[in-house]
Amino acid sequence: MAERAKIRCRTIIEILGKPKEHVEKTLKEYVDKIKEDESLVVLNEDFAEPKEQEGLWSVFAELEMILKDIPALIGFCFDYMPSSIEIIKPEEIVMTSKDISDFMNDLQARLHKMDMLIKQHRGENDFLRKNMNVLVKNIIMIALAKSSLSAEKLSKAAGIPENEILPFIKFLLKENKIKKEGEIYSLA
């Protein structure tokens, strides 16, 4: 930027979770962390009362702050993920092609990093899901090795709700590893 103008803005930071006390405490700690950022100054902070939404608690804080320049504003958005930003001053912002290029390169680097993390977590989740499926099938087979059981009793033996264990039972039936007589399952 030819001229590094300070940016005055309002932003909203939201948190959703439970229990209520944890959500309130976490938001206050998050705002305190924002206030430690040397690229900005928080002028005002206004915390809303938590509201319950479908079993979770939602709370937000509105912050008015000054950031040293546009790169600091962009960094704030990447680092703190606000729900919204309203630029109060200046009314017009001029950016050089170098500033835009820097922003786009930073954006691309962060997107690539997020993509890598998502792929890594997807691989870990697939691995865990595969092993969890094997464990549940083994639990069913071990329970049925001891005695023939209904789906309800298999559910209790495995500690898994009946509606969640039924797909595993169906799979084992299809694989002919277990059999069903009436409502009772046993090893094939």
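So here's what we get for this one:
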| read-out | value |
| --- | --- |
| Residue ID - modelled with the highest pLDDT, chosen from residues in region 54-69 that are among the hydrophobic types (A, V, I, L, M, F, W, C) and surrounded by fewer than 18 Cβ atoms within 10 Å (Cβ to Cβ) | 66 |
| Scope region 152-169; condition within 22 Å of residue 129 (Cα to Cα) and surrounded by 13 or more Cβ atoms within 10 Å (Cβ to Cβ); matching residues | 154, 155, 156, 157, 158, 160, 162, 165, 166, 168, 169 |
| Pairs, first assigned to a strand (DSSP E or B) in region 135-157, second surrounded by fewer than 11 Cβ atoms within 10 Å (Cβ to Cβ) and not basic (Lys, Arg), C-beta under 7 Å, six or more apart | 150/183 |
| Evaluation of residue 50 against (1) buried (at least 16 other Cβ atoms within 10 Å of the Cβ); (2) touching a Lys or Arg at 6+ places or on another chain (Cβ under 9 Å); (3) closer than 25 Å to residue 106 by Cβ; (4) not acidic (Asp, Glu) (one fails), failing number | (3) |
| Conditions (1) surrounded by 13 or more Cβ atoms within 10 Å (Cβ to Cβ); (2) in a loop (DSSP other than H, G, I, E, B); (3) at pLDDT below 90: number failed by residue 102 | (2) |
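The values are calculated or read from the model by the stated rules, or taken from the named source; none is laboratory data. Values in this document were obtained by computation on a predicted structure and should not be read as measured data. Heads up, the Cβs are rebuilt from the backbone with ideal geometry, glycines too, and the neighbour counts pull from every protein chain shown.
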